[in-house]
Amino acid sequence: MQVLESIFSLLSILGVWKPRHWHGTKAIFYHIYRSIVVIVNHLLLLSVILDLEFKNVDLAALVDNLSLMFVMIVARQNIICMIENHASITRVLDSLGKGPFKLRDHQEEVTFKRFTDFIRNIIIYYPLVLMSTLITYSAAHMSAMDSPHVLPYNGWFPYNYSRTNKLYWVTAVYQLYSVFSMSTIYLILDLLLPCIMCYMCGHIHILRYRFRVMTEKLKLMVENNNPQDKMIIAERKMMAEWVNYHIDILSLVKFINEIFSSVIFVQYTVSSLLLCTIAYLLSHTKQTAMSFAGNFGFILAMFFQILLPCYCADKLTIEFSDISTAIYDSNWYYLSNNIRRSVVIILRQSYRPVAMTSSFFIILSLESFTKVIKVAYTIYNVLQ
């Protein structure tokens, strides 16, 4: 949980997540701060939308505007999701720290540590890659600035910003701040869903481990010739705990999917479109131009933003499917006939793929990621 707490601490600083212990005056001031962040980003999105032109189109300018607009739409969807589902996400965090999700022994701690270490690596290296691409993208736009006429980003404003240098620089700084703020929030929120999925993968590993421990305990009781009635009571108790743990994991994954369903749809769709458009724009840009480096960094960021959730979701699906293998590899034959029937039901459930989806239209997996890359390459060839 400490890893997720660091993510939420960053989101609190960025104005998206109100700290749980803040009440009264602190909460009021934080809501004001959050409103300012939301309004600033929405005003920039509106500015970019109003600046779109479909007559006498400059292809590079149009694609650049559309790219920025699409990214801001995804960022907006992420922010709205966090604000609207504050209570639901808090419930998920609370669930991960109590009940059957509590680690019971050293082996479970060692197993879970593998996944927390992987999450830490994601939190360290993923922002480094995306922040470097963001800096490259911003540097490319800043190099095109020409005071007092050319702003770093295209946008419509209800005043003439080229009238004075002071007004121009206020507008330019506003654009740079808004893009940096929006991109940083987008980056941190990108980490949330993959990290939660990795946590669930760790608990599935522990679920399989607990089944093996349960059968080993029953085997030991049989070898020690324990009374039959005592064995039946112990078996039912351990099996009930294991089944409840399995149900809690399934319910939590389903609940998480419902929370982030709209985000999955918007991000997957928009990132796919951006891969196609930016790839086409790169083919018509000189490699020595600064804009080429900016667009290349942009497409690299989109690549990783699709890859990370697809990889974690694919890992989650595989972990669920491996439950049946773990049961087969255990001493399941020491279970009573009644318990074996329950295990058969669980095995049948494990054959149904558990996946992160959005409206039954998008399924996050490495196969979906491959399809996006193929479609982007196909569209690029057609446009060529």
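The values are calculated or read from the model by the stated rules, or taken from the named source; none is laboratory data. Quick caveat: nothing in here was measured; it's all calculated off a predicted structure. Reconstructed Cβ throughout: ideal geometry from the backbone, glycine too, with neighbour counts over all protein chains shown.
Results, tabulated for the structure shown:
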read-out	value
Condition check for Ile206: touching a residue at least 12 places away in the same chain (Cβ under 8 Å), more than 30 Å from Arg114 (Cβ to Cβ) and either in contact with a Phe, Trp or Tyr (Cβ under 9 Å, 6 or more places away or on another chain) or among the aliphatic types (A, V, I, L, M) (or both)	no
Breaking point among (1) out of contact with any Asp or Glu (no Cβ under 9 Å at 6 or more places or on another chain); (2) at pLDDT 85 or above; (3) surrounded by 14 or more Cβ atoms within 10 Å (Cβ to Cβ), for Lys26	(3)
Answer residue from the stretch 116-152, given it is of a type in the set (Ser, Thr, Tyr) and at pLDDT below 85 and is farthest from the chain's Cα centre (by Cα) among those	Ser147
Contacts under 8 angstrom Cβ, first residue in the stretch 152-175 being within 15 Å of Leu50 (Cβ to Cβ) and touching a residue at least 60 places away in the same chain (Cβ under 8 Å), partner in a loop (DSSP other than H, G, I, E, B) and of a type in the set (A, V, I, L, M, F, W, C), 6 or more apart	Gln175/Leu151
Any hit, the stretch 321-333, residues being closer than 23 Å to Val92 by Cα and either crowded, with 16+ Cβ neighbours inside 10 Å or of a type in the set (A, V, I, L, M) (or both)	yes
Residue match in the stretch 23-41 (condition: of a type in the set (A, V, I, L, M, F, W, C), in contact with a Phe, Trp or Tyr (Cβ under 9 Å, 6 or more places away or on another chain) and in contact (Cβ under 8 Å) with a residue 12 or more places away in the chain)	yes
Count of residues meeting criterion [modelled with pLDDT under 85, assigned to a loop (DSSP other than H, G, I, E, B) and surrounded by 13 or more Cβ atoms within 10 Å (Cβ to Cβ)] in the stretch 89-109	1
Residues satisfying the stated conditions in the stretch 215-240, i.e. under 20 Å from Phe101 (Cα atoms) and without any contact (Cβ under 8 Å) to a residue 40 or more places away in the chain	Lys237, Met238, Ala240
Inter-residue pairs, beta-carbon under 7 Å, first aromatic (Phe, Trp, Tyr) and in the stretch 99-122, second surrounded by 12 or more Cβ atoms within 10 Å (Cβ to Cβ) and outside any helix (DSSP H, G or I), 6+ apart	Phe112/Leu103
Test: Tyr351 is touching a residue at least 40 places away in the same chain (Cβ under 8 Å), out of contact with any Phe, Trp or Tyr (no Cβ under 7 Å at 6 or more places or on another chain), over 25 Å from Val375 (Cα atoms) and hydroxyl-bearing (Ser, Thr, Tyr)	no
